[in-house]
Amino acid sequence: PGSTAMLLTTTPSLEGRPVRHVLGLVHGETILGANLFRDLLASLRDILGGRARAYESALIRAREMALEELQHRARLLGADAVVGVHLDYEVLGQAGGMLMVCATGTAVELMPQDTLPLPPPPLPPEFS
């Protein structure tokens, strides 16, 4: 926890890192308003077959902001990872002028790597 990197995964667990405690559901949301001039340029690029880089940049920024908020809330719970992360994207407002990104997941505390349980000893030959 703290300043160390927060592990995020869409899977329900992290291989080789057992969960010590499930701390609860965490979320992060962000809503970005689209600027009219950028919308007009993006529409023109779409008509001409180019990529709408302004929209791509806004989408990336919104996703990063939602994940940062998710991590912040997980750290407040003492988590060092968030499992089962799901991202949801919605267009809001009249004429779709706003982009909303929601990130949800389960904050967990992982077993420290130096205290992972040892594998069980092998069975004697008569039991194998």
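Can you give me the accessible area per residue for segment 65-127, using a 1.4 Å probe, in Å²?
On the way: 3940 Å² over 63 residues.
Averaged over the residues of segment 65-127, the accessible area is 63 Å².
What does the charge count around Leu23 come to, taking other residues whose C-beta lies under 12 Å from its C-beta (Lys +1, Arg +1, Asp -1, Glu -1)?
Details: positive: Arg20, Arg73, Arg75; negative: Asp80, Glu109.
So the surrounding residues net to +1.
Please calculate the 1.4 Å probe accessible area of Glu56, with all protein chains present, and give it to the nearest 10 Å².
In the full protein context, Glu56 sits at about 60 Å².
Can you run phi through the Karplus equation (6.51, -1.76, 1.60; θ = phi - 60°) for segment 23-31 and list ³J(HN,Hα) in whole Hz, with x for Gly and Pro?
Karplus values, whole Hz, x for Gly and Pro: 9, x, 6, 10, 8, x, 10, 8, 10.
Which ³J(HN,Hα) values, rounded to whole Hz and listed in residue order, are derived for segment 9-22 from phi using the Karplus coefficients 6.51, -1.76 and 1.60 in 6.51 cos²θ - 1.76 cosθ + 1.60 with θ = phi - 60°, glycine and proline given as x?
Whole-Hz 3J(HN,Hα) from phi for segment 9-22: 8, 7, 7, x, 7, 10, 4, x, 10, x, 7, 7, 9, 8.
The values are calculated or read from the model by the stated rules, or taken from the named source; none is laboratory data. This one's a predicted model, so the numbers in the text were calculated from it and none came from an experiment. Here the Cβ is made from the backbone with ideal geometry for all residues, glycine too, and neighbour counts use every protein chain on show. Each accessible area value is taken on the protein alone, full model and side chains, heavy atoms only, with ligands, DNA and RNA left out. Shrake-Rupley method; radii C 1.70, N 1.55, O 1.52, S 1.80 Å.
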